[in-house]
1. Residues in region 124-144 that are within 14 Å of Leu155 (Cβ to Cβ) and either touching a Leu at 6+ places or on another chain (Cβ under 8 Å) or among the basic types (Lys, Arg) (or both): how many?
2. Can you find a residue in region 266-279 that is in contact with a Pro (Cβ under 6 Å, 6 or more places away or on another chain), within 24 Å of Thr218 (Cα to Cα) and surrounded by 18 or more Cβ atoms within 10 Å (Cβ to Cβ)?
3. Going through region 275-329 one residue at a time, which ones are among the acidic types (Asp, Glu) and farther than 19 Å from Glu183 by Cα?
4. Can you name the number of the only condition in (1) surrounded by fewer than 22 Cβ atoms within 10 Å (Cβ to Cβ); (2) touching a strand residue (DSSP E or B) at 6+ places or on another chain (Cβ under 8 Å) that Met317 fails?
5. Out of the residues in region 294-313 that are of a type outside the set (Gly, Ala, Ser), in a helix (DSSP H, G or I) and out of contact with any Gly (no Cβ under 9 Å at 6 or more places or on another chain), state the one that is most open to solvent (accessible area, probe 1.4 Å).
6. In region 245-280, which residues are among the charged types (D, E, K, R), out of contact with any helix residue (DSSP H, G or I) (no Cβ under 8 Å at 6 or more places or on another chain) and under 22 Å from Thr185 (Cα atoms)?
7. Across region 108-129, what is the total count of residues that are open to solvent by less than 10 Å² (accessible area, probe 1.4 Å), of a type outside the set (A, V, I, L, M) and under 18 Å from Thr218 (Cβ atoms)?
Amino acid sequence: MRRASTLASSVLSRTLATAHGGVNSAAVNHRLLQVALFGSTGGSYARGRWFSSFTGSPARSVSVGVAGALLSVAAAATSLLQEVHAKEPPPTELVPKDVILYQYEACPFCNKVRAFLDYYDIPYKVVEVNPISKKEIKWSDYKKVPILMVDGEQLTDSSVIIDKLGHRIHPEKRAVSDMDDDEETKWRRWVDSHLVHILSPNIYRNASEALESFDYITSNGNFGFTEKITAKYAGAAAMYFVSKKLKKKYNITDERAALYEAAETWVDALNGRDFLGGSKPNLADLAVFGVLRPIRNLRSGKDMVEHTRIGDWYSRMESSVGESPRIKV
């Protein structure tokens, strides 16, 4: 990874040094690379016309009654499905009172934490960190994201954050989650050791996809105007070359094939279940969903859903995670 960063730094150095008025270019490049390594009309009219054609005779009234009953059954089934895939908010007394997430919007590890907070309906504020100056986290000795402040306590490392916060809101689950060889733990480790490493070679696979990815990163990140323009084009060029190094490092021959294989491996792990957790998502479901969420509307994510079986599970996860309790500030 350091070799890859060095290669990218040589591409970015002159451009970014000019943009930042003499700021140490190697440091700027390294920070930028950290963030880089890481979407029917007329129905009401048609229904009204269909129902109106059934008025005027007893037989038709019976038909309307049958149709109404069927619609009621369908509505009840939909309601039941929504309940099965509902969020799992913890007891009120266990919900932290003040949660602040320091993050990069496009970072998969930050998205892992957000998926957890969203699913468990824990209100939180977000501080978007500038990946170049990192002024928002200068108060911390830890200089990476995510950082989660929970009632004044600093938590770092996405998996550790989720473990500690999970134990706090669901203390009864501690004994099960502490087992090293359980299914949930195995797949959470797979996310961190395998799945995340496939993402960068895919989103920076070619020049157009690298530019698409940096457009997303700079549009959603905390960049100044000059930083945004510079990072978008110089960063995309640099990461295109870095992705080639990453393929070699992680022994990836065909990045799309590796992504599709990972998606299919995950679906196989579900073994016919709605979620790895059964009828509700567990921490492994949330981890996979979290790291895939930043790429879902990029070309790589669209290809993944189109060419693998992961789409149905992803849609169920979107429904389960639901609206974010993120506090707008």
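1. Quick first cut of region 124-144, residues within 14 Å of Leu155 (Cβ to Cβ) only: 124, 137, 140-142, 144.
Narrowing the set further to residues that are either touching a Leu at 6+ places or on another chain (Cβ under 8 Å) or among the basic types (Lys, Arg) (or both) leaves 124, 144.
Adding up the residues that qualify gives 2.
2. Taking region 266-279 first, the residues in contact with a Pro (Cβ under 6 Å, 6 or more places away or on another chain) are 275.
Cutting the leftovers down to within 24 Å of Thr218 (Cα to Cα) gives us none.
No: region 266-279 contains no residue that is in contact with a Pro (Cβ under 6 Å, 6 or more places away or on another chain), within 24 Å of Thr218 (Cα to Cα) and surrounded by 18 or more Cβ atoms within 10 Å (Cβ to Cβ).
3. Taking region 275-329 and keeping what is among the acidic types (Asp, Glu), we get 285, 303, 306, 312, 318, 323.
Correct list: Asp303, Glu306, Asp312, Glu318, Glu323.
4. Result: Met317 fails condition (1) only.
5. Going through region 294-313, the residues of a type outside the set (Gly, Ala, Ser) turn out to be 294-299, 302-310, 312-313.
Those still in the list that are in a helix (DSSP H, G or I) too: 294-295, 299, 302-307, 310, 312-313.
Among the residues that remain, those that are also out of contact with any Gly (no Cβ under 9 Å at 6 or more places or on another chain) are: 299, 303, 306-307, 310, 312-313.
Details: Arg299: 94, Asp303: 22, Glu306: 126, His307: 101, Ile310: 2, Asp312: 108, Trp313: 3 Å².
In this case the residue turns out to be Glu306.
6. Filtering region 245-280 down to residues among the charged types (D, E, K, R) leaves 245, 247-249, 254-256, 261, 264, 268, 273-274, 280.
Still in the list and also out of contact with any helix residue (DSSP H, G or I) (no Cβ under 8 Å at 6 or more places or on another chain): 248, 254, 261, 268, 273.
Scanning region 245-280 gives Glu261, Asp268, Arg273.
7. Total meeting the criteria: 3.
Residue by residue, here is whether (1) at pLDDT below 95; (2) among the basic types (Lys, Arg); (3) assigned to a strand (DSSP E or B); (4) open to solvent by less than 20 Å² (accessible area, probe 1.4 Å) holds:
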position: Glu136; (1), (2), (3), (4): no, no, no, no
position: Met149; (1), (2), (3), (4): no, no, yes, no
position: Val160; (1), (2), (3), (4): no, no, no, no
position: Asp163; (1), (2), (3), (4): no, no, no, no
position: Ala175; (1), (2), (3), (4): yes, no, no, no
position: Lys186; (1), (2), (3), (4): no, yes, no, no
position: Trp190; (1), (2), (3), (4): no, no, no, no
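The values are calculated or read from the model by the stated rules, or taken from the named source; none is laboratory data. Remember, it's a predicted structure, so these values are computed and weren't measured experimentally. Glycine gets a Cβ as well: all are built from the backbone with ideal geometry, and neighbour counts include every protein chain shown. Heavy atoms of the whole protein, side chains included, go into the accessibility calculation; ligands, DNA and RNA do not. Shrake-Rupley method; radii C 1.70, N 1.55, O 1.52, S 1.80 Å.
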